[in-house]
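**Q** Right, I'll just put the structure down here and ask away after.
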Amino acid sequence: MQIQICDNGPGLPEKAKAHLFKPFQGKATGVRSGLGLTIVQELMRGHGGSAEYLEANRPGACFRLMLPKLTLDNAE
């Protein structure tokens, strides 16, 4: 399963993109803690998936969340 989340905000500064999924380093300003995307990525990995930032040719930021397909063999 794939979920793509995009907004139409100002986007991400290059400085923030370089360390986006690292704790306390992905923030562009000192306003936030810098843990949100790190937690998202760890949750996705814990379920066998992934989270990634997508470069968009438009204003805003886009992220892709991917989870493995659930089958009856691995359903609980």
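Listed here are the residues, each with its yes/no results for (1) at pLDDT 90 or above; (2) open to solvent by less than 60 Å² (accessible area, probe 1.4 Å).
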residue: Gly9; (1), (2): yes, yes
residue: Ala16; (1), (2): no, yes
residue: Gln25; (1), (2): no, no
residue: Ser33; (1), (2): no, no
residue: Met44; (1), (2): yes, yes
residue: Leu54; (1), (2): yes, yes
residue: Ala61; (1), (2): yes, yes
residue: Met66; (1), (2): yes, no
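**Q** Let me spell it out: the conditions are (1) assigned to a loop (DSSP other than H, G, I, E, B); (2) surrounded by 14 or more Cβ atoms within 10 Å (Cβ to Cβ); (3) modelled with pLDDT of 85 or more, and Thr38 meets all of them except one. Which number is the exception?
**A** Failed condition: (1).
**Q** Does Thr71 satisfy the criteria of being hydroxyl-bearing (Ser, Thr, Tyr) and modelled with pLDDT under 90?
**A** The answer is yes for Thr71.
The values are calculated or read from the model by the stated rules, or taken from the named source; none is laboratory data. Everything numeric in this text was worked out from a predicted model, so none of it was measured. No Cβ is skipped: glycine too gets one built from the backbone with ideal geometry, and neighbour counts run over all protein chains shown. Surface accessibility is based on the protein's heavy atoms, side chains included, excluding ligands, DNA and RNA. Shrake-Rupley method; radii C 1.70, N 1.55, O 1.52, S 1.80 Å.
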